[in-house]
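Okay, so here's the structure we're looking at.
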Amino acid sequence: MASSKRKRGDGGAYVAPAGYTAVPVTFSKKHQSPHYLCVKEHKVREDTDPSRPPNRTLFILNVPPYCTEECLSRLFSGCCSVQSVEICEKPGLGEKPEAPKSKFFNTKTTLGFKVAYVVFKSPVGIKAAQSLSTQGPLVISSVSHPVQTGIHKWIAGYAASIVDPAELKKEVDAFMQSYDQKVAEEDAKAEDEDGIPDEDGWVKVTRKGRRPGLPRTEAANLRALEREKRKRARKELLNFYAWQHRETKREHIAQLRKKFEEDKQKIALMRAQRKFRPY
């Protein structure tokens, strides 16, 4: 098998991609083998995003899964005051995802290595962060700022996933109250616009007029079909033509013959089941 290519120099030093600077970090002081963050100044050709201002935004690759926004803010706070930190699954144009409507149903988590954007309050933070490559490795987890991993992280995640019923009920009630208010406003607006033509002279037809429309359900459709059948039966003229008389007599005779045969079978069955019981 061919040997895998690693980004290491002849002397074993880590070689960062072109344009990036390798900043060594370790999980704790006990670990001797460092992990490298690839950093560079964030520059884009398109319109700049206000949340990622030029000359103050540091773009970071190879962010490990256990490294949080708080960890990055603490690691690079020695370079300059950090304004904000954003961790993403992959590089983007700065369009922030829509904030979750509920904390109880936001279960999406980003797995694996990620990218990050660190915004400093001053442009000097970019140069200071790039100069960290010549210094010793930065420590992610310390005694004062421990980072949970392994079973401790799983236990904490499981404990955080347990929902408080009272808090959940409070959020659901607030959501339903907001929804009912929204529906009431829409109904009031529709009632005000009912029968009023628009600019082109068209009048919007709704289900809440004098004769509201029927719900399109299976039961409603069956009831409508039954009403149509009864309506047609009332309109139909019975025994008006000669052929209707003949068909009616023929159907009546057929029903009498069928009833006669059924009665004969019942009598034969009763005779077969009859037994002599003197006592």
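Diagonalising the gyration tensor over the Cα atoms of the stretch 107-155 and scaling each eigenvalue by 5 before taking the square root yields semi-axes of 28, 17, 11 Å, largest first. Using the Karplus relation 6.51 cos²θ - 1.76 cosθ + 1.60 with θ = phi - 60°, the per-residue 3J(HN,Hα) values for the stretch 251-256 come to 5, 5, 5, 5, 5, 5 Hz, with x marking Gly and Pro.
Each residue of the stretch 186-194 was assigned a 3J(HN,Hα) from its phi angle through the Karplus curve 6.51 cos²θ - 1.76 cosθ + 1.60 (θ = phi - 60°); the sequence is 5, 5, 5, 5, 5, 5, 5, 8, 5 Hz, with glycine and proline shown as x. For Ala16, the residues 5 or more places off, or on other chains, whose built amide H falls under 5 Å of its own are Ala22. Computed from backbone phi, the HN-Hα couplings of the stretch 143-148 come to 5, 7, 10, x, 10, 6 Hz, rounded to whole numbers (Karplus: 6.51 cos²θ - 1.76 cosθ + 1.60, θ = phi - 60°; Gly and Pro given as x).
For Lys121, a cut-off of 16 angstrom between C-alpha atoms picks up these aspartates and glutamates, skipping any fewer than 8 places away in its own chain: Glu41, Asp49, Glu86.
Between amide H atoms placed 1.01 Å from N, distances below 5 Å from Val139 occur with Thr26, all of them 5 or more places distant or on a separate chain.
Just so you know, all these numbers are worked out from the coordinates, no wet-lab data involved. Fair warning: this is a prediction, and the values are worked out from it, not measured in the lab.
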